[in-house]
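Data first, discussion second: the structure below is written as structure tokens.
Just so you know, all these numbers are worked out from the coordinates, no wet-lab data involved. Predicted model only: the values in this text are computed from it and were never measured. Every residue, glycine among them, receives a Cβ derived from its backbone with ideal geometry; neighbour counts consider all protein chains shown.
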Amino acid sequence: MKIMAVKTDTIANVLIVEDELVTANALSDVLVDLGYTVLSIVDSSDGAIAAIHRQRPDIILMDIKLRGSDSGIIAVSEIHKIAPIPIIYLTAFSDPETIKRAISTSPYGYLTKPLRYAEVNVAIMLALKKYQEEKILQETLNKEKELHILKSSLLAMVSHEFSTPMSVIRLLTWKLQNFEEKITKKNSAKNLASIQLAIKDINWLLEEVKFIACSESGKFPFNPESVDAIAYCRQLVEVNNFQSEDSMRKCHIKFHSQVQSQKLQIDKKLLWHIFMNLVSNAVKYSYEGSTVDVELTCDSQQLFLSICDHGIGIPQEYLNKLFLPFLRGDNVGAVKGLGMGLYIVKQAVEAHSGKIMVESEVNMGTKFTVVLPSADSL
């Protein structure tokens, strides 16, 4: 008999759960001819679950009457506890009670025997399309939920972090206004320096928040330009005071470069985020009096940046999730931070199609290595 069926372009793995071997084999042959892969044929609920554990199918064709005490409907309920695999019932039962019970398991189709193979094929294609659309929708909803949580957490964290420099500015400004005649020039200069440092901390926070907002909104800017990377990074070390006022970890930053100048097509602003976050972290988590080694090598194709400290290190259990937002090790103590720096670094590195690697040992230090290819070499 000639089977009139539309051959599918979708290659899908199918599991057939059917207790009538002749029917199952005939269906399997047709599906294979249509381009599907039949993973296996099983005749019981236990067999179906065992097959799923061996290899996850894209769709299951399920008979309601199976060998053993469990029906196909019960089997589907158990399968959905393992994975949300789309199910199409193929059965001789069409009474209202059976249909009602089957619908309660949210199947993607319900076909009655004797089977018409063209209808089976169409049912599979429709089920796979519907499942894919639902999966995309769910991923979108999950992403929006994650974004909402991220924004809420960021707002709470930023509000907390802003309070410290703002308090410093308010207090010292009040002192300068009300005790001007009693404050020595030396103390006045010290207070002004503290105000400038607090303003710098606020500007840093604003830059970080603006970066995260762009990244999460999907409007992430990547604007490569010709930059002398070595001169620029050396300048960042020279003009920035990486020692925070609330930190007693004073350490020396040692800048190494094999060449004096090298121009690359990179995003200067993103390089700022990468360099400033990594060096700032290295200083914050170093022991007092130690050295942070910053090594930069370039050729015409790519930039290699290595930042090595000799500080508290990163616990092993944090290394695999190091670049997640708001993650901070349990050994950071009272060192302040949003927990967003490495997340920002990873985003900026990936925007360049670059790589970032980390090596660390608790109480021995941490080394980050960044590789950024020049945009004109991609």
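Using Stokes-Einstein with the Kirkwood hydrodynamic radius over Cα pairs, what translational diffusion coefficient do you get for the range 1-102 at 25 °C and a viscosity of 0.890 mPa s, in µm²/s rounded to a whole number? Don't skip to the answer; put the middle values down first.
On the way: Rh = 14.0 Å.
Value of D from the Cα-based Kirkwood radius: 175 µm²/s.
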For the chain, calculated [θ]222 nm from helices alone, where every DSSP H run of n ≥ 4 adds -39500 (n - 2.57): -16000 deg cm²/dmol
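What is the Cα radius of gyration of the chain over 2.2 N^0.38 Å, N being its residue count? Walk me through the numbers on the way to the answer.
Numbers: Rg = 31.1 Å, N = 378, 2.2 N^0.38 = 21.0 Å.
Here the Cα radius of gyration is 1.48 times the empirical estimate.
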Dipole moment magnitude, nearest 20 debye, the chain about Cα centre, only Lys, Arg, Asp, Glu C-beta charged: 1220 debye
Greater than 18 Å apart at Cα, pairs in 254/284; 321/355; 186/284: 186/284
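Using packing as a proxy for protection, rank 18-29, 300-311 so that the peptide with the highest average count of other Cβ atoms within 10 Å comes first. Mind dumping the intermediate values first?
Numbers: 18-29: 16.0, 300-311: 19.4.
Packing order, densest peptide first, comes out as 300-311, 18-29.
I'd like to compare 31-41, 353-363: which one has the highest average count of other Cβ atoms within 10 Å, and what's the full order after that?
Numbers: 31-41: 16.7, 353-363: 14.5.
In descending order of packing, they fall as 31-41, 353-363.
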Extension gain, residue 268 back to residue 252 (0.36 nm per residue minus Cα-Cα distance, nm): 3.3 nm
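Show me the ranking of peptides 89-100, 283-294 by mean Cβ neighbours inside 10 Å, starting with the highest. Could the numbers behind the result be given before it?
On the way: 89-100: 14.8, 283-294: 18.5.
Put in order of decreasing packing, that is 283-294, 89-100.
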Virtual spin-label span in nm between residue 99 and residue 193, 7 Å along Cα→Cβ: 8.5 nm
